Each structure stands twice: as structure tokens, then as C-alpha cells.
Amino acid sequence: MEKIFQIADLLNRSSCAVALTGAGVSTASGIPDFRGPQGIWRSVDPSKFEISYFYQNPDEVWRLFTSIFVPKGEVAPNAAHRALAQLESMGRLCAVITQNVDGLHQAAGSVRVVELHGSVKYAVCTKCGMKYTLSEVLSKYNGSAPRCRVCGGILKPDVVFFGEPLPQEAFNEAVLLSELADVFMVIGSSLAVAPANRLPLIAKRHGAKIVIINSGPTEMDEIADIVVEGRAEEILPKIVEALRASYSEG
Ligand code: NAD
């Protein structure tokens, strides 16, 4: 519990706290992560999500994508997403940088969200760049890779595949936020994916306190000032509660 109060205190004194989230914030919403004990890569070969593999086998990758990444039912934000939205509305969090593609931070009410790896809510034409909502694309999906109605090019889910660059604007914004942050919290990420895992190092170099909240170790625990081992959906609401309690005391 002491670490919860330490983090609340850091947030209380910060002028720009930033959160970097990963798949671990969404597991409580029923979306599996990649590298956790029930992670997707335990049953699916990650090389199928290399961009070169997509161009060679678009039909197969679309089938895999729809079976793995398109939720079967309604997916709702959980207590971790809600706590981050509350921290922002309390003026204690400047932004969420997310590696997730599920849109759950926005659904929970977070306003400044930087999506580093794109979004499952869209598909994009690989030839002309035309963007479609995924729901429109899936309404006509017949098992083959969907095609652009403007130019006939193959559509790709608008998420970053291995071997693809990150969206430049989003990455630039994430770097800037990391440089500005005085508290940088990593939540639910193994920090195994570059270049997102460079962001805590950038923040550290610019003087931020680094907080890691994750179930299981990450690749950067040794650079962190505070590491909390546990579930984001349990720990983040406690931090919000500790902050609220400190306001009512003060
Ligand atoms: P990762 O799978 O590499 O790491 C997730 C980490 O979160 C693991 O260390 C796991 O032990 C931990 N974790 C699991 N449940 C947790 C919980 N309830 N509370 C706290 N920690 C928990 O995922 P990553 O670091 O985000 O990076 C890999 C890639 O995963 C990203 O590129 C992202 O695009 C992609 N991804 C996104 C989603 C999504 O949008 N929800 C889902 C799967 C993968």
C-alpha cells in the first residue's frame, strides 16, 4: 500500500504525468495480451503479422485478424481505463500514450490519447490510402481480403504490423510527451516492443520519475523508481482513491 501512496504523492506534485499503456490494461476487458501467460503469441505465430507476410498472404492474414482481433461481443473499458480517464479529468494526467489498438481509453473518457500502433476500428487501402471503418468493411467481408471501392487496392487493418513504421505524427507526439513528463507511468506492458519501449528511457533521460505497474516483470524494471507488481484494474483505482483522500485531508 505504501507504493500506492508514493505514486499518488508523485502525481500530486507533478506538472505533467504521462501514462504509457500496453495490452495488460485491457486483459480485464477480455482482450488477451501478446506475451502474458494467456498471451496470443502462445497459440499464434507472430511472423504471420509481419507486413511482408501480409502482402504475400492477405486472405489468410485477414482471416486470422478477424478471428483474433475483432471482438466476438461487446467489449467495455475496465476499472484501469476508467481510473486513467479520472486522473486526466482531475488534472493529474496530461496524456495516455497507448500501444493498444482497441480504443478502450477513449471509450472510458480519456481525451488526450496517442495511439502508437493504430486502431482496430479502421482499415486502410494499401494503394491509395483511403480509410474505412472496420465495421463497414466487415459488413461485406466474405473471407477474402477486402478491396478498396475507389481503386481496387487491398485493404489492411489500420494497425501497425511487424516491420512497419509507426505513424510518424503519433510517434513524434509520444516522444515530445516523454520529454515533457515529470512522472512517466508504464502500465500493463512487457516493454518488449520497439520503438515504444524507448519512451521510458527518453522520459528518464529528461528527468522523469519512472513508475511501472505490471503483472510480471518488464524489460525496464531496473530503470524504474517504483515498480508495482499486480493488476492494473486493481492498482489504478487505489491510486485515484489515495489522491482523492489527500485532497479531502488537505
Ligand atoms: P505484451 O503482451 O507484450 O505485455 C503485456 C504485459 O501486461 C505482460 O507483461 C502481462 O504480464 C501484463 N499484464 C497482463 N494483464 C495485466 C493486468 N491485468 N494488469 C497489469 N499487467 C498485466 O503487450 P504490450 O507490451 O502492449 O506490447 C505488445 C503489443 O501488443 C502492442 O504492439 C499492442 O499493439 C499489442 N496488443 C494490443 C492489444 C489491445 O489493443 N488490447 C491486445 C494484444 C496485443
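The values are calculated or read from the model by the stated rules, or taken from the named source; none is laboratory data. This structure is a prediction, so every number in the text was calculated from the model and none was measured. So basically every Cβ, Gly included, is an ideal-geometry build from the backbone, and we count neighbours across all protein chains shown. We work out accessible area using only protein heavy atoms, side chains counted, and drop any ligands, DNA or RNA first. Shrake-Rupley method; radii C 1.70, N 1.55, O 1.52, S 1.80 Å.
General remarks:
- Residue list for the range 27-40, filter: at pLDDT 80 or above and either part of a loop (DSSP other than H, G, I, E, B) or farther than 20 Å from residue 75 by Cβ (or both): 30, 31, 32, 33, 34, 39
- Filtered residues of the range 142-151 (kept if assigned to a loop (DSSP other than H, G, I, E, B) and in contact with a strand residue (DSSP E or B) (Cβ under 9 Å, 6 or more places away or on another chain)): 145, 146, 148, 149, 150, 151
- Scanning the range 24-38 for residues that are polar (S, T, N, Q) and either more than 6 Å from the ligand (Cβ to nearest atom) or open to solvent by 50 Å² or more (accessible area, probe 1.4 Å) (or both) yields 29, 38.
- Scanning the range 226-243 for residues that are in contact (Cβ under 8 Å) with a residue 12 or more places away in the chain and open to solvent by 30 Å² or more (accessible area, probe 1.4 Å) returns 227, 229, 231, 233, 234, 237, 238.
- Given (1) in a loop (DSSP other than H, G, I, E, B); (2) free of Cβ contacts under 8 Å to residues at least 12 places away in the same chain; (3) crowded, with 16+ Cβ neighbours inside 10 Å, index of the condition residue 106 fails: (1)
- On the stretch given as the range 157-189, residues that are in contact (Cβ under 8 Å) with a residue 60 or more places away in the chain, touching a strand residue (DSSP E or B) at 6+ places or on another chain (Cβ under 8 Å), in a loop (DSSP other than H, G, I, E, B) and open to solvent by 40 Å² or more (accessible area, probe 1.4 Å) total 2.
- Flag for residue 215 being surrounded by 20 or more Cβ atoms within 10 Å (Cβ to Cβ), within 22 Å of residue 11 (Cβ to Cβ) and not basic (Lys, Arg): no
- The residue list 154, 202, 223, 210 contains one member that is modelled with pLDDT of 95 or more, open to solvent by less than 20 Å² (accessible area, probe 1.4 Å), more than 22 Å from residue 81 (Cα to Cα) and more than 12 Å from the ligand (Cβ to nearest atom), which is 202.
- Residues in the range 125-141 that are open to solvent by less than 30 Å² (accessible area, probe 1.4 Å) and either part of a strand (DSSP E or B) or more than 16 Å from the ligand (Cβ to nearest atom) (or both): 125, 132, 137.
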